[in-house]
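*Asks:* Can you keep this structure in mind? I'll have questions shortly.
The values are calculated or read from the model by the stated rules, or taken from the named source; none is laboratory data. All figures in this text were calculated on a predicted structure; none of them were measured in a lab. All Cβ positions, glycine included, derive from the backbone under ideal geometry; neighbour counts span all protein chains shown. Side chains are part of the model used for accessible areas, which takes the heavy atoms of the whole protein and leaves out ligands, DNA and RNA. Shrake-Rupley method; radii C 1.70, N 1.55, O 1.52, S 1.80 Å.
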Amino acid sequence: MHYDLIIRGGKCVFPWGESEADIGVHNGRIASLSVSHQDEADQIIDAKGLHVLPGLIDSHVHLRDPGNAAVETLETGTRAAALGGVTTVFDMPNTSPSVTDKKMLDWKREHISQVAHVDVGMYIGATRENTPDLAMLEQQPGVCAIKVFAGSSTGDLMIEDDAGIEAVMRSGHRRVCFHSEDEYRLQERKSMFHEGQPYEMHSVWRDVECAFLGTRRIMAIARKTGRPAHILHTSTAEELEYLAEYRDVSTVEVLVNHLTQVGPECYEKLGGLAVMNPPLRDRYHYEASWKAVQDGRVDVVSSDHAPHPLEAKKRPWPTCPAGLTGVQTIVPVMLDHVNAGRLSLARLVDVMAAGPARVYGLQTKGRLAVGFDADFTLVDMKAQREITNDWIVSPAGWTPFDGTTVQGWPMATIVRGTVVMKNNEVIGNATGRFAKFAP
């Protein structure tokens, strides 16, 4: 048989376990997991010595387009994803202008078809004005979910009150994703802090109760309405324990930074490059996050890639903006955690491929199986590399992991059968498109 692409000799991470296999691709889909030695293809990749993963998904990125091209664009952000071994990204709506209506969604779809190097899903931002339209908007092609900012972050999208959140939860049926810090507590405590205080005060202002209170309120509304909620960037031990009792109406995301960086040391080392929302916390919450990953309470691990200009990040707290780069570094950092024994490669695939596909309804991505999209992340688990600012292709030009040596590195990124990155080089023209989600 003749295929478009054959990947030979790699150790494949299937839902049922790891085994060596030869994979055949035809028309952008996986056509066979048992290609014979006699079969031919237009392109053959020798993956011996590599692990073949389902295409990894970063389901939480801010590509800032439209916005400030000097910081990030859809082209540079998806190029960064491809270099980092990510085959699909879900882009947040707090751009300028925000993605809150069909007109902006159509613009994004056209723009993505011209410049994206990987596949893209789009969040619709919930506002008080568009709440009646959310049931229609969530059905538009490429929409992965509705996003609600219940606490303030970058941009002007926010619905902080219970009545407003409940109205969103009653408009439509697909999953609603929450930035769940409690805005009332944030504003009440704001006057306690002033410019020039240490950067670690960010985690004191946006404290555990700020996050936990927001999540408790959202879970009460989720139970009341029966609408599933996805709690983004869960950062506290209290939330993770609490959410285990709400699995009928909730799913859970944890960020790679909360699994990697620990306060107060990270603030002392990185200054403003450690400032993000919710904040990086102390070792107690770091260890709780890992325990939740290891016992299955975490559904998704993402980067919350949110670049800002380096000069802005160097401003004193609290005038420095919150947000870190991450889409290019999440895979190597998580592979290093695998090599350190903190999670298995199968669990990594679960939280960065199968998990996002299940939570968001990506019906043909997230696993190596016949009929699924031919999305692959090929990794060398033995390769040692140093992450540096020079490697980062986002115009922002920095990473909080600058100078970090990791073991495990993405060697090729393949999207629907097209090789978009090989040996640290992006190949060919932009071929990304809107991802397809269940209605």
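*Asks:* Before we move on, is LEU5 open to solvent by less than 10 Å² (accessible area, probe 1.4 Å) and either basic (Lys, Arg) or outside any strand (DSSP E or B) (or both)?
*Replies:* The answer is no for LEU5.
*Asks:* Any residue in segment 354-370 that is of a type in the set (S, T, N, Q), under 20 Å from TRP16 (Cα atoms) and not in a helix (DSSP H, G or I)?
*Replies:* The answer is yes, given that some residue of segment 354-370 is of a type in the set (S, T, N, Q), under 20 Å from TRP16 (Cα atoms) and not in a helix (DSSP H, G or I).
*Asks:* Quick check on segment 291-303. Is at least one of its residues surrounded by fewer than 21 Cβ atoms within 10 Å (Cβ to Cβ) and either among the β-branched types (Val, Ile, Thr) or not assigned by the TED database to the domain that holds SER344 (or both)?
*Replies:* The answer is no, given that none of the residues of segment 291-303 is surrounded by fewer than 21 Cβ atoms within 10 Å (Cβ to Cβ) and either among the β-branched types (Val, Ile, Thr) or not assigned by the TED database to the domain that holds SER344 (or both).
*Asks:* Residue by residue through segment 99-125, note down the ones that are surrounded by 20 or more Cβ atoms within 10 Å (Cβ to Cβ) and within 16 Å of HIS62 (Cβ to Cβ).
*Replies:* Matches in segment 99-125: VAL99, THR100, LYS108, ILE112, ALA116, VAL118, VAL120, GLY121, MET122, TYR123, ILE124, GLY125.
Rundown of residues vs (1) of a type outside the set (D, E, K, R); (2) farther than 30 Å from THR431 by Cβ, yes/no style:
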position: SER113; (1), (2): yes, no
position: VAL118; (1), (2): yes, no
position: MET122; (1), (2): yes, no
position: LYS147; (1), (2): no, no
position: ILE159; (1), (2): yes, yes
position: GLY164; (1), (2): yes, yes
position: SER171; (1), (2): yes, yes
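*Asks:* List, please: which pairs have Cβ atoms under 9 Å, are six or more places apart or on different chains, and start with a residue in segment 1-13 that is modelled with pLDDT under 95 and end with one that is part of a strand (DSSP E or B) and not hydrophobic (A, V, I, L, M, F, W, C)?
*Replies:* Note: pairs meeting the criteria are MET1/GLY24; MET1/HIS26; MET1/SER32; MET1/GLU40.
*Asks:* Moving to a separate point now. If HIS51 passes every condition in (1) in contact (Cβ under 8 Å) with a residue 24 or more places away in the chain; (2) open to solvent by less than 20 Å² (accessible area, probe 1.4 Å) but one, which one does it miss?
*Replies:* All conditions are met except number (2).
*Asks:* Moving to a separate point now. Can you tell me how many residues within segment 124-140 are among the small types (Gly, Ala, Ser) and under 14 Å from VAL99 (Cβ atoms)?
*Replies:* The number of residues fulfilling the criteria is 2.
*Asks:* Something else now. Quick check on segment 324-337. Is at least one of its residues within 25 Å of ARG79 (Cβ to Cβ), touching a residue at least 40 places away in the same chain (Cβ under 8 Å), open to solvent by less than 40 Å² (accessible area, probe 1.4 Å) and out of contact with any helix residue (DSSP H, G or I) (no Cβ under 9 Å at 6 or more places or on another chain)?
*Replies:* yes
*Asks:* Considering ARG281, ARG342, which residue is touching a residue at least 12 places away in the same chain (Cβ under 8 Å), surrounded by fewer than 22 Cβ atoms within 10 Å (Cβ to Cβ) and assigned by the TED database to the domain that holds MET92?
*Replies:* Sole residue among the options that is touching a residue at least 12 places away in the same chain (Cβ under 8 Å), surrounded by fewer than 22 Cβ atoms within 10 Å (Cβ to Cβ) and assigned by the TED database to the domain that holds MET92: ARG342.
*Asks:* Further, regarding this structure: If you take the residues in segment 60-71 that are touching a Ser or Thr at 6+ places or on another chain (Cβ under 6 Å) and over 21 Å from HIS233 (Cα atoms), which one is surrounded by the most Cβ atoms within 10 Å (Cβ to Cβ)?
*Replies:* ASP65
*Asks:* Further, regarding this structure: For segment 142-153, name all the residues that are at pLDDT 95 or above and not in a strand (DSSP E or B).
*Replies:* GLY142
*Asks:* What's the number of the only condition in (1) open to solvent by 10 Å² or more (accessible area, probe 1.4 Å); (2) part of a strand (DSSP E or B) that ILE57 fails to meet?
*Replies:* All conditions are met except number (1).
*Asks:* So ARG342 ticks every box in (1) part of a loop (DSSP other than H, G, I, E, B); (2) within 18 Å of the chain's Cα centre (by Cα) but one. Which box is left unticked?
*Replies:* If we test ARG342 against (1) part of a loop (DSSP other than H, G, I, E, B); (2) within 18 Å of the chain's Cα centre (by Cα), just (2) comes out false.
*Asks:* Is it fair to say HIS60 is of a type outside the set (Val, Ile, Thr), at negative phi and touching a Lys or Arg at 6+ places or on another chain (Cβ under 7 Å)?
*Replies:* So HIS60 fails the test.
*Asks:* Shifting gears a bit: Please enumerate the residues belonging to segment 1-34 that are of a type in the set (A, V, I, L, M, F, W, C) and touching a Phe, Trp or Tyr at 6+ places or on another chain (Cβ under 7 Å).
*Replies:* ILE7, VAL25, ILE30, ALA31
*Asks:* Suppose we filter ILE427, ILE414, ILE387 for residues that are without any contact (Cβ under 8 Å) to a residue 60 or more places away in the chain and either within 19 Å of the chain's Cα centre (by Cα) or open to solvent by less than 40 Å² (accessible area, probe 1.4 Å) (or both); which single one remains?
*Replies:* ILE387
*Asks:* For VAL252, only one of the following conditions fails: (1) under 22 Å from THR325 (Cβ atoms); (2) outside any loop (DSSP other than H, G, I, E, B); (3) in contact (Cβ under 8 Å) with a residue 40 or more places away in the chain; (4) touching a helix residue (DSSP H, G or I) at 6+ places or on another chain (Cβ under 8 Å). What is its number?
*Replies:* So VAL252 meets the others, but not (1).
*Asks:* Within segment 82-98, work out how many residues are open to solvent by less than 10 Å² (accessible area, probe 1.4 Å) and not in a helix (DSSP H, G or I).
*Replies:* Number of matching residues: 10.
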